[in-house]
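Below: the structure, in structure tokens.
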Amino acid sequence: MRQVLVRYRVKPERVEENEELVRAVYEELRSTEPAGLRYATFKLEDGVSFIHLAIHESGNALEKATAFQEFLKELGDRTDEAPVVTELDEVGSYRLVGDSSEA
């Protein structure tokens, strides 16, 4: 199992665009329902920083998503702070991420 945390900061004028691209990824994931993927995106309190948490049981279904490839296309242009990718080693968790449709 691979667990990854990605953090980056977008330019203030590109926040809405970034959110739209992220939402498109979730729309595709809901329609394709890739097995073995848990994925969540959060916008931080500053309004311009984002964190993505991906848990892959095997492979990387996220990279295969067309909307995710579209999200990555101009990421460098949208950001003030480039993405930092951190591999995570789980010590413990409890109901970490639920389905957002449940809320």
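Computed from the coordinates by the stated procedures, all read-outs in this text should not be read as laboratory data. Since the model is a prediction, treat every value here as computed from it, not as a measurement. Heads up, the Cβs are rebuilt from the backbone with ideal geometry, glycines too, and the neighbour counts pull from every protein chain shown.
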Restricting to Cα pairs under 8 Å and 6 or more apart, the percent relative contact order of the chain works out to 44 percent
For segment 25-87 the GluC sites (Glu not before Pro) that pass both the DSSP coil test and the at-most-12 other-Cβ-within-10 Å test are GLU45, GLU57
Amide H proximity to THR79 below 5 Å, modelled H, separation 5+ or other chain, gives LYS11
As straight-line cross-link partners of LYS43, the qualifying lysines (C-alpha separation under 21 Å, not fewer than 8 residues apart within one chain) are LYS11, LYS73
Site LYS73, offset 7 angstrom along Cα→Cβ, radius 18 Å on amide nitrogen, limited to segment 9-44, gives 14-29
For segment 24-68, averaging the sequence separation of alpha carbon pairs under 8 Å that lie six or more residues apart and dividing by its residue count, the contact order in percent is 45 percent
Percent of all Cα-Cα pairs per 10 Å bin for the chain, counting from 0 up to the last occupied bin, reads 14, 48, 34, 5
